[in-house]
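Read the structure below first, then the notes.
The values are calculated or read from the model by the stated rules, or taken from the named source; none is laboratory data. All values derive from a computational prediction rather than experimental measurement. Quick reminder, even Gly has a Cβ in these numbers, built from the backbone with ideal geometry, and neighbours come from all protein chains shown. Only protein heavy atoms, including side chains, enter the accessible area calculation; ligands, DNA and RNA are left aside. Shrake-Rupley method; radii C 1.70, N 1.55, O 1.52, S 1.80 Å.
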Amino acid sequence: MSITRKWTTYLLLIAATLVLMFPILYAFSISFMSGAEVLEGKIWPSSFSFENYRNAFEKVPLLHYLINSFAVSIFVMAGQLLVSSLAAFAFVFIKFKGRDAIFFLFISTMMIPWEATMVPNFLTAQKLGWINNYLGLTIPFFALAFGTFLLRQQFKTIPNELYEASQVAGISRFRFFWNVVLPVSKTSLVTLGVYSFLTTWNMYLWPLLVTNTEDVRTVQIGLKQMQTQEISTDWGVVMAAVIVVILPTLLLLFLGQKRLQKGLTQGAIK
């Protein structure tokens with residue numbers, strides 16, 4: 001009975017995986033099809049050719065957009081890790097008046113839709129001269145309430161007596177932060193880094209607002225350009241570009257899946 005139940009579970013998991021992965025698999029199949037095959041509704045291409053992939057890099061500066069997306073995503077990831085870890089450290093180990101009230105006020109910003117702050121953020125970036133600039137694509141996202149909350153929950157698992165002992169021993173706060181807090185919080189830091197990278201990589205609306213040239217535009221804008229130009233009906237080329245774009249995110253998600261799950265639940269129970 002247990003063996004039957006085990007195989008039934010495996011079959012259900014395989015079926016669910018195929019259903020979830022079907023859009024990606026079908027997009028991969030279309031990326032090798034000609035325009036006629038796509039219009040015929042074929043599921044599998046008659047032959048495998050990388051012509052669509054070559055055309056995807058020729059129709060728009062896709063490689064340049066990919067480099068921009070990597071640069072912006074890595075910069076935002078580093079900024080969020082730095083700001084969130086320092087803020088979480090202050091909220092846990094440094095006592096000051098109104099600390100809890102400020103923290104809850106900071107966390108309450110998670111309930112505000114990003115679209116509600118989009119216009120003032122754009123006006124601020126415009127006045128600072130950050131339009132068509134990497135600064136406008138990165139700095140507005142450094143302060144992340146979710147990241148601060150995640151790391152604060154992890155930092156709270158560190159005994160406060162350890163911090164007090166370090167103060168008695170004359171160890172500076174930054175040294176305690178760098179040599180003690182960060183090393184024991186690697187899983188949560190990796191989780192926040194993966195989350196930050198994936199979120200920034202898939203961002204579309206904000207890069208569309210603050211860029212109007214190809215110099216700093218990201219890859220999501222490039223995909224939209226391919227659908228609005230004369231090749232919009234050549235879905236083989238479009239899907240080839242889509243596969244190129246989602247490949248880094250899939251690899252990152254598969255490689256860091258266990259750490260991502262562990263990091264999201266590690267600080268939940270003190």
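Looking for whichever is over 30 Å from W178 (Cα atoms), touching a Leu at 6+ places or on another chain (Cβ under 9 Å) and among the hydrophobic types (A, V, I, L, M, F, W, C) here; the options are L18, L13. Which one fits? Walk me through it before giving the result.
Numbers: L13 fails: touching a Leu at 6+ places or on another chain (Cβ under 9 Å).
One residue alone meets the criteria, L18.
In the range 195-210, what count of residues is obtained for those that are surrounded by fewer than 21 Cβ atoms within 10 Å (Cβ to Cβ) and polar (S, T, N, Q)?
Final tally of qualifying residues: 2.
Looking at Q257, Q227, Q220, Q266, which one is within 22 Å of the chain's Cα centre (by Cα), at pLDDT below 75 and within 19 Å of I24 (Cβ to Cβ)? Please lay out each step first, then the result.
On the way: Q227 fails: within 22 Å of the chain's Cα centre (by Cα); Q220 fails: at pLDDT below 75; Q266 fails: within 19 Å of I24 (Cβ to Cβ).
Just one listed residue meets the conditions, Q257.
Enumerate the helices (runs of 4 or more DSSP H) found wholly within the range 81-143, keeping only those where 2 or more residues are within 19 Å of the chain's Cα centre (by Cα) and at pLDDT below 95.
Working: elements: 99-107, 114-127, 134-138.
Result: 114-127, 134-138.
Applying the selection to the range 45-76, what residues are among the small types (G, A, S) and either crowded, with 16+ Cβ neighbours inside 10 Å or touching a helix residue (DSSP H, G or I) at 6+ places or on another chain (Cβ under 8 Å) (or both)? Even if it seems obvious, please write down each step before you answer.
Of the residues in the range 45-76, the ones among the small types (G, A, S) are 46-47, 49, 56, 69, 71, 73.
Across the range 45-76, the qualifying residues are S46, A56, S69, A71, S73.
Does the range 84-92 contain any residue that is of a type in the set (F, W, Y) and either surrounded by 16 or more Cβ atoms within 10 Å (Cβ to Cβ) or under 30 Å from L189 (Cα atoms) (or both)? Lay out the reasoning, then the answer.
Step one: list which residues in the range 84-92 are of a type in the set (F, W, Y), which gives 89, 91.
Then keep just the ones that are either surrounded by 16 or more Cβ atoms within 10 Å (Cβ to Cβ) or under 30 Å from L189 (Cα atoms) (or both); that gives 89, 91.
Within the range 84-92 (the criterion being of a type in the set (F, W, Y) and either surrounded by 16 or more Cβ atoms within 10 Å (Cβ to Cβ) or under 30 Å from L189 (Cα atoms) (or both)), the answer is yes, since at least one residue qualifies.
Would you point out which residue out of G98, G79, G129 is open to solvent by less than 60 Å² (accessible area, probe 1.4 Å) and over 30 Å from Y163 (Cα atoms)? Outline the logic, then answer.
Working: G98 fails: over 30 Å from Y163 (Cα atoms); G79 fails: over 30 Å from Y163 (Cα atoms).
Only one candidate passes the filter, namely G129.
Could you look through the range 155-172, keep only residues that are under 20 Å from K186 (Cβ atoms) and part of a helix (DSSP H, G or I), and pick out the one that is most open to solvent (accessible area, probe 1.4 Å)?
So in the range 155-172, the residues under 20 Å from K186 (Cβ atoms) come out as 155-159, 162-163, 166.
Okay, now just the ones that are also part of a helix (DSSP H, G or I), so 155, 162-163, 166.
Numbers: F155: 0, L162: 83, Y163: 17, S166: 8 Å².
This residue is L162.
Test S49 against the stated conditions and say whether it is among the hydroxyl-bearing types (S, T, Y), closer than 23 Å to L250 by Cβ and at pLDDT below 85.
Numbers: among the hydroxyl-bearing types (S, T, Y): yes; closer than 23 Å to L250 by Cβ: yes; at pLDDT below 85: yes.
Answer is yes for this residue.
Go through (1) in contact with a Phe, Trp or Tyr (Cβ under 7 Å, 6 or more places away or on another chain); (2) open to solvent by 70 Å² or more (accessible area, probe 1.4 Å); (3) of a type in the set (A, V, I, L, M, F, W, C) and name the single condition V38 misses.
Only one criterion is unmet by V38, namely (2).
Counting only residues that are within 13 Å of L81 (Cβ to Cβ) and small (G, A, S), how many does the range 168-192 have?
The total comes to 2.
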